[in-house]
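We did not get these values from a lab; they are worked out from the coordinates using the rules stated. Keep in mind the model is a prediction, meaning the values are calculated, not measured. With ideal geometry, Cβ positions are generated from the backbone for all residues, glycine too; neighbour counts draw on all protein chains shown.
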Amino acid sequence: MNPQTTSLLALLFVSVGALASLIMLEVTGKTEDQSGKTQWIYTHRLLGYFFILILTVMLFSMISKVAGYQEELKARAVIHIVMSLMLIPLLGIKILLARRYPRHSAKLPFLGITIVLLSFSLTGITAGYYSLHKSNLTYTTLMAQDSEVLDLDLGKAIMNKKCSKCHSLERIYRSFKNDEGWTKTVNKMAFLDTPNIAVFDIKQVTNYLISQQKRRQENNSQRERDIGKTLVSQKCSICHTLDRVYGAKKNGLEWNSTVARMIRTMADPDFLSKEEQSLITDFLSKRRKKE
């Protein structure tokens, strides 16, 4: 979940808790008017279950984010986590007293108010943070004049710090996108994390990811060429010399037809797979272009 969604959920969380506590005080604090007490207790119980459900959803989201975070947590995040975890035993004790130990029911209002105050505090340092910090961040793209300040090592460092807050870095390195795709992705993530990321950061991260993508593509292309060359040496040399193969001047379609004819000549369905056939054809046709 993005910060805006979690902030709205946190505000709902506090509102439900405050309403449940108000009903509890209404039921336990008034002695002269007890009309509708059963309905108020039932409503309080439903709100309590809803409160626990929201807390469970937010805890799951928090644990998912922390699990993928690869940098040391900031003090604000640590305080938020500690306060969130404190709610679990407090809620457990409150439910236990209400269900199993009715003689201690006088302590329930105090526990309820403590839970609401704790919920309000932990929400204030997160939802309040994103509400108070406004950002004028706009869609950012790389320009020619940016080359003077762009640095790959800096871009990698910023990416490791910023992107790992919401997901693992493995998710990034497994993605394959063009220049426009990476630009859109980084801008989208930056808007979600505003105001924690600046235009300078966006450009550095975008430049690093685009450069990283190009390096991977070059490595993959070289790997495919090496495999194609090896297959030519292993398969084609069975029937004729490699000088004959490398001396032939053919385009991609012609090489594809030649390789297909050789496969039929061998009469072996396992002689070359479709992928191997494609690698040989690509290697031979691209080799001709270089020459």
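Structure summary
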quantity	calculated
Length gained when the stretch Ile81-Leu96 is fully extended (0.36 nm per residue, less Cα-Cα span)	3.0 nm
Label point distance in nm, Gln145-Leu22, each placed 7 Å from Cα along Cα→Cβ	5.5 nm
Equivalent-ellipsoid semi-axes of the chain, from the Cα gyration tensor, Å, largest first	65, 25, 14
The range 239-290 - Rg (one decimal) and Dmax (whole number), Cα, Å	10.9, 32
GNM flexibility winner over the chain from Glu224, Glu148, Glu26 (Cα, springs under 10 Å)	Glu148
Angle in degrees between helix 108-124 and the longest Cα principal axis of the chain, rounded to the nearest 10	40 degrees
Computed over the range 184-291, Cα set: Rg, Dmax in Å	21.5, 66
Chymotrypsin sites (Phe, Trp or Tyr not before Pro), loop per DSSP, at most 14 other Cβ atoms within 10 Å - longest free stretch of the chain	1-138
Unsatisfied cross-links (Cα-Cα over 22 Å) in the set Lys65/Lys94; Lys74/Lys184; Lys156/Lys184; Lys165/Lys214; Lys156/Lys188; Lys184/Lys286	Lys65/Lys94; Lys74/Lys184; Lys165/Lys214; Lys184/Lys286
Relative counts (whole %) of C-alpha pair distances in the range 144-214, using bins that are 5 Å wide	3, 17, 31, 31, 15, 4, 0
Most mobile of Asn219, Asn178, Asn251 in a GNM of the chain (Cα contacts under 10 Å)	Asn251
Trypsin sites (Lys or Arg not before Pro), loop per DSSP, at most 16 other Cβ atoms within 10 Å - longest free stretch of the chain	178-248
Rel. contact order, % - alpha carbon contacts under 8 angstrom, at least six apart, the chain	19 percent
Euclidean distance of C-alpha centroids, the range 78-99 and the range 131-209, integer Å	37 Å
Most mobile of Ala106, Ala18, Ala190 in a GNM of the chain (Cα contacts under 10 Å)	Ala106
Ile88-Arg45 pseudo-label distance in nm [points 7 Å out on the Cα-to-Cβ vector]	2.6 nm
Residue-averaged 222 nm ellipticity for the chain, from DSSP H runs of 4+ at -39500 (n - 2.57), nearest 500	-25000 deg cm²/dmol
